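The values are calculated or read from the model by the stated rules, or taken from the named source; none is laboratory data. What you see is a predicted model; the values in this text were computed from it and never measured. Using ideal geometry, Cβ is built from the backbone for each residue, glycine included, and neighbour counts are taken over all protein chains shown.
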Amino acid sequence: MEDLLACPICGIFLQEPYIRCFECHNPSRSFCLQCFSKGKEYENHKNNHSYTVVRNNFTLLDPDWTASEELKLLNAIADRGMGNWSEISKDVGTKNKVECEEHYFKYYINQPTPPLPEIESQEMEDEICQPTPVNCTTFSQDPPRPVVGSILYQDMAGYMPARGDFAYEHDDFAEMDIKDLAFEEDDPLWNELQMGVLDIYQSRLKERARRKLLIKNYGLLNNKKNVDDWNRYLPLGPAVLDHVKPLMHLFTAENFYKFMEGLLWEHKAKQRIELLQECRVAGITRLQSIPTFLKLKKRREENKKSKSALDEVLSQIKDERTCQQFLNRQVLKEGMASDSGPGRRSAPPLNIATLPDFEKLNPKERELCSNLRILPTSFLQYKATLLHEYGKLGCLRLANARKIIKIDVNKTRHIYDLLLEQGLITK
């Protein structure tokens, strides 16, 4: 739009009146009055070129409306939205909301006049798209209305987004203490006591509102997301995390995560410095040699462990009784390891017929959830996550699917294969 043009010399946004070069034949060669009055030049524009003064104070469609007001009206409708005439009139400045509404519908909708194009009714009908339902839960991590009783409903603490409220409030029975309040005209001491009870109730309401605000500001509704976010900072260790948790309410949500990212970066930097110092002491002078050094270090540690076990055997080989006890222990350990290995029985299929969201699954998905012991609600979340990632990338590999869904890799592979088989994704 012309009112968003900037002077190429000083950079300020142009306001009427301003100067446009007639010889450059380029709308961007428009200059503010200050730069023009000083004779400044810009690239191929010279100060002796012919020019025009740009003003939008002429009438265009209505004798009472200038072109400048028309532009303000259209920009305000684009910014504020159709129907918000009170705010639109404030942006126009010189017209009230009734005048703005009547003028727009008269000249732009009901009776468009040149240079506005006239749209044939048949062409308009052909261009109109039929309304289609939108599944807002497909790509949303927090569906607006989780099914009552579902796992997600429980994770969100009974939150009801349509009301912005919870099924069970903090201090849920606070109202029980004031339901029988009564005031006596002849007993001021009793009335004072009742007012004290109301003050206490008011403070309890404030605490309830404060907790709701904390939940909103810190995004605490999605329990799984919060656990995943917190797991990111586990490398800091419990000594740091246990001291940081009590300080959370002193930060805003954004500042707290910035603070945690700073601690995590500091931790990684210290680890990197310690590794470089260890390598330098070992005589390593090139970064390319560090992976080889770490690999050899790991091998030395494994050899040291096996050597210590061998030393234990050699130290006890002279004592026949002690040696026999040691060998029995080793046999017992190997037997326990083999019992807990491949011979372990697999879990029976899960009965999911009575679980929430069972009716949303097709027969193959039901069979998969039953065999893998996956809840239908969780399966739908995994499926929506993978389809969302596929929609962004246009393809989805098994390795990427395993990174996105933090569950057993074998279960992820079965879900991935099912989506491939159904043609919902491609490699």
*the stretch 69-94, subset surrounded by 19 or more Cβ atoms within 10 Å (Cβ to Cβ) and not β-branched (Val, Ile, Thr), residue farthest from Glu16 (Cα to Cα)*: Trp85
*Within the stretch 220-265, considering residues that are part of a loop (DSSP other than H, G, I, E, B) and surrounded by fewer than 12 Cβ atoms within 10 Å (Cβ to Cβ), the one farthest from the chain's Cα centre (by Cα)*: Gly237
*Would you call Glu367 in contact (Cβ under 8 Å) with a residue 12 or more places away in the chain and acidic (Asp, Glu)?*
no
*Within the stretch 200-216, can one find any residue that is surrounded by 10 or more Cβ atoms within 10 Å (Cβ to Cβ) and outside any helix (DSSP H, G or I)?*
no
*Would you please list the contacts, defined by Cβ atoms under 8 Å and residues six or more apart or on different chains, that run from a residue in the stretch 75-87 that is over 10 Å from Glu101 (Cα atoms) to a residue that is among the basic types (Lys, Arg)?*
Glu87/Arg80
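Against the condition outside any helix (DSSP H, G or I) and free of Cβ contacts under 8 Å to residues at least 40 places away in the same chain, how does Leu181 come out, does it pass? Before you say what the answer is, go through the steps one by one.
Values: outside any helix (DSSP H, G or I): yes; free of Cβ contacts under 8 Å to residues at least 40 places away in the same chain: yes.
Yes: the conditions hold for Leu181.
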_Cβ contacts < 7 Å: first residue at pLDDT below 80, restricted to the stretch 148-175; second residue of a type in the set (Asp, Glu) and surrounded by 13 or more Cβ atoms within 10 Å (Cβ to Cβ), any location; separation 6+ or different chain. Result?_
Ser150/Asp357
